[in-house]
Structure formats: C-alpha cells, structure tokens
Amino acid sequence: MSLSHEFTVSDSATVHVGRVLALRQDQVVMPGGRCAGREIVEHLGAVAVVPLHEDATVVLVDQYRHPVGRRLRELPAGLLDVAGEDPLTTAQRELTEETGYTARDWSVLVDVVTSPGFSDEAVRVFLARGLTEVGRPAGADDEEADLEVVRLPLAEVVRQVLAGEIVSSPTVAGLLALQVVLTGAAGLRPLDAPWPDRPTRFADRLS
C-alpha cells in the first residue's frame, strides 16, 4: 500500500474565530479522489513545566477546568499568547505565576500534540530544576484565583497517572517522560530543540 498520497486542501472556510482558538472546515482530497470534510480547531499552542525538587518531589496545581466540569491536577502551564515570545520565557513566567517558584536549570522534556484528530494544539513540556520559592505574584483572577499548589513525590504522581487520577495529556506525558529520563533510558533535549509541530495558523490570524 502506497503512503505517498498528498492530502491537499481543495477548499477551506472559517467557521469561528475566538480569543484563544479558531474553527475552520477544510475539504481534503482523499487517496481515491473524493473530498472529505475535516473540522480543525486552530490553537495558539502552549507550554507546560515539570518543576522537580532535589528530593524527587514535583510541583503541580489543582485547577478548575470548565470543559470537563471539575478540578484537574496538572503541571503549571500557559498559552503561547504573547506575540514573539520565546516558549521558554512563557514557561518561566507561568511557573512563577502559578506556583511561586523560579528555576535555575531548564531543559526540553517532551512535546505533545494533544488532539491531532481535530486540533493543531501542541504543547512543549519543559523540565525545571534548581527551584527557588519566591511567592506567587498578586492579582490572580479567574480560574487562577482558585488554583491550589501541591507538592508530591514523583512516585506518587506517577501512581496517580496510572490510576486514572491525573488525566491531563501534557501532565501525563511530562510525568511519565520524567520517570523515563530519571532511569537513564533517555536523555533531555536542549532548549533550542526543533519544534516542528508548534502551531502558527491561529497566531497568524491575530498578527
């Protein structure tokens, strides 16, 4: 079976443009020649951080997520919603804003395409070490005002992942990737590691 078909777009229409995403409908040419409709959620992209203490505890946040109607235990994270800002800078700011920590050492841990069946959202997960507690800045609002910071052993949060208690995909990927890295089975990537799946289409709409 040939895998050389190019899935070209014969037509595209914008259905909705919001503050953090857009919805478009593409007509995609299939291998047999017919066109199939595909709805795509365009996203800004995001970063997440695994803050790791020297005692192998990690810092997470419990935060209300309205689409699922409950609080989820997650890595500190944020949208790439500042034009021209480097993902590392975004990650550093989000770490302090959500947890009150800064970090001395940063690496790229794992990249996640969260829902490739209908969205171009991608998340780069960083590992942050050499943590210093500086306190969260004043003025949190919306969901962040209700955010709770928790610090737990890595073994416990991995257990929570495998028990289905932690379900956020970047958090699951980041914690399990860290567990693998700490065994020596894989290494970390540098901060300038390529990120070919970082979404740009929605950001281009806003520029």
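Every read-out reported here was derived from the displayed coordinates using simple, explicitly stated rules and does not represent laboratory data. Computed from a predicted structure; not experimentally measured. Cβ coordinates were reconstructed from backbone atoms using ideal geometry, including for glycine residues, and neighbour counts include every protein chain displayed.
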- Message: Under 10 Å, Cα contacts only: if you run a Gaussian network model on the chain, which one of Ala48, Ala83, Ala103 comes out with the highest mean-square fluctuation?
- Response: Ala83
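For Val113 and Ala56 in the same chain, what is the full-extension length gain: residue separation times 0.36 nm, less their Cα-Cα distance, in nm? Walk me through the numbers on the way to the answer.
Values: separation 57, 0.36 × 57 = 20.52 nm, distance 2.68 nm.
Working it through step by step, the gained length comes to 17.8 nm.
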- Task: Rounded to the nearest 0.05, what FRET efficiency do Arg65 and Asp105 give with R0 = 35 Å and r taken as the Cβ-Cβ distance? Could you check?
- Result: 0.75
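Rank the residues Thr99, Thr183, Thr90 as a footprinting-exposure proxy: fewest other Cβ atoms within 10 Å of their Cβ go first.
Details: Thr99 26, Thr183 8, Thr90 22.
Ordered by Cβ neighbours within 10 Å, fewest first: Thr183, Thr90, Thr99.
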- Item | Order of Glu98, Glu54, Glu85 under a 10 Å beta carbon neighbour criterion, fewest first | Glu54, Glu85, Glu98
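Multiplying the sequence separation of His16 and Asp81 by 0.36 nm and subtracting their Cα-Cα distance, what value in nm do you get?
Numbers: separation 65, 0.36 × 65 = 23.40 nm, distance 1.82 nm.
Length difference between fully extended and current span is 21.6 nm.
When a footprinting reagent is the concern and you count Cβ atoms within 10 Å, what order do Leu162, Leu52, Leu75 take, fewest first?
Working: Leu162 12, Leu52 22, Leu75 31.
Lowest count first: Leu162, Leu52, Leu75.
Figure the gain on full extension for Cys35 and Arg201 (residue separation times 0.36 nm, minus the Cα-Cα span) and round it to one decimal in nm. The partial results should precede the final answer.
Numbers: separation 166, 0.36 × 166 = 59.76 nm, distance 2.21 nm.
Contour length minus the Cα-Cα distance gives 57.6 nm.
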- Mean Cβ count within 10 Å, highest first, over the residues of peptides 163-172, 123-132, 144-153, 64-73: 123-132, 163-172, 144-153, 64-73
